[in-house]
Amino acid sequence: MAKLLTLNLDDTEEVCNVGKALSTPVRLDILKLLHEESLNIGEIAEKLGIPASSAALHVKVLERAKLINAEVQPGTRGGVRLCSRKNDLVTIGMSGAMKGVNMVTSVSMPIGAYTDCEMYATCGIADETGIIGNEDLIACFYMPEHLGAQILWSSAGYVEYKFPNQLPKQADLKSLGISLEICSEAPNYREDWKSDITMWINGVDCGTWRSPGDFGARRGRITPTSWSSGSTQYGLLTTWEVRRDGCYINESNAGNTTIEMLKIENGAPIVVRIGNKKDAKYVGGFSIFGEKFGDHPQNIVLSIEY
């Protein structure tokens, strides 16, 4: 897969560095050489018939432009700088970001792509063809097949996801929202089965939603025919949102957590945990639905406005 370097005219220093790096034929020749193999500075100098000191200067310019990597590795007479390509394609948008217009980036996370969980019976996991492993067996949540899950449930505990963070540098964050179909978890199902379900983002409490029940009195609109009646069928589409003035659940204020408190750092994953606090008034578990189960054809969707 090609490695991409994407810039626009707001990235003034980076664009200038790339322009300088590509302005000399010798540096273009170095990029051609490194497309085929990694070379140290002495080898580059020999292949191009230039002094090693000149090769070192050209490498420094290309490295500053993020077009190559130059790492020091042990050699017979001390360290040598081994050079390799860093990017295959450079794209420069000929405009900057539009002023006064917010941008939105979204990630759809399959419900089976969790990175950590703590489950308690009654619990289980299933895809559109049926149960994965066995119900009430915690080990089944770690089977490779869990990645294809379309419904998961637990009477307590939590499930955790790591979302990729690909925000531009120095993005001015406005809000972060997470939308998913979810309900309580009772044995079989029970329409009146309250559960206080909390969401944490990067370890910060972002509000608790009280689910009214575990819904199974009718079939879910997209629940597969392989799923038997008499058990959980669908949930409620619920949205947690963290803004500059606090956090909200379905547009109702849910606390004072602000987006600044989440400490979202460029490149670091955004960790989302969903579950019951151990001291919650109603520890009624949770059931989470994927895009092929329940009433709504979606996964867990994280959206950031900036």
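The values are calculated or read from the model by the stated rules, or taken from the named source; none is laboratory data. Predicted model, so just to flag it, every value in this text is computed and none were measured. Note: ideal-geometry Cβ built from the backbone for every residue, glycine included; neighbour counts use all protein chains shown.
Just name the residue that is nearest to V283 (Cα to Cα) out of those in segment 80-121 that are among the small types (G, A, S) and at pLDDT 90 or above.
By that ranking, first place goes to A121.
Report yes if some residue within segment 216-227 is more than 23 Å from the chain's Cα centre (by Cα), of a type in the set (F, W, Y) and assigned to a strand (DSSP E or B); otherwise report no.
no
Given the options S179, S184, name the one that is surrounded by 21 or more Cβ atoms within 10 Å (Cβ to Cβ), touching a residue at least 24 places away in the same chain (Cβ under 8 Å) and within 28 Å of R221 (Cα to Cα).
S184
Of these, A254, A268, which one is outside any strand (DSSP E or B), of a type outside the set (D, E) and under 25 Å from the mean Cα position of the chain (by Cα)?
Unique residue meeting the criteria: A268.
Tell me which of these D192 doesn't satisfy, since it passes every other one: (1) charged (D, E, K, R); (2) out of contact with any Leu (no Cβ under 8 Å at 6 or more places or on another chain); (3) within 22 Å of G290 (Cβ to Cβ).
The failed condition is (3).
Considering only residues of segment 103-142 that are among the small types (G, A, S) and under 17 Å from N276 (Cα atoms), which is surrounded by the most Cβ atoms within 10 Å (Cβ to Cβ)?
Looking at the filtered set, the residue picked out is G124.
Residue by residue through segment 112-161, note down the ones that are in a helix (DSSP H, G or I) and touching a strand residue (DSSP E or B) at 6+ places or on another chain (Cβ under 9 Å).
I138, C140, F141, Y142, E145, H146, G148
How many of the residues making up segment 233-247 are surrounded by fewer than 20 Cβ atoms within 10 Å (Cβ to Cβ), out of contact with any helix residue (DSSP H, G or I) (no Cβ under 8 Å at 6 or more places or on another chain) and part of a strand (DSSP E or B)?
Count: 5.
Test A268 against the criterion of being out of contact with any Pro (no Cβ under 9 Å at 6 or more places or on another chain), at pLDDT below 95, assigned by TED's automatic domain parsing to the domain that holds A113 and among the small types (G, A, S), and give yes or no.
So A268 passes the test.
Test each condition in (1) modelled with pLDDT of 95 or more; (2) within 28 Å of L173 (Cα to Cα) for D279 and report the one that comes out false.
Unmet for D279, out of (1) modelled with pLDDT of 95 or more; (2) within 28 Å of L173 (Cα to Cα): (2).
Pick from segment 202-230 the residues that are under 20 Å from S155 (Cα atoms) and of a type in the set (S, T, N, Q): which of them is surrounded by the fewest Cβ atoms within 10 Å (Cβ to Cβ)?
Top of the filtered list is S228.
Starting from residues that are surrounded by 18 or more Cβ atoms within 10 Å (Cβ to Cβ) and more than 24 Å from D127 (Cα to Cα), keep the ones in segment 272-304 and report whichever is farthest from the chain's Cα centre (by Cα).
Once the filter is applied, the top-ranked residue is V283.
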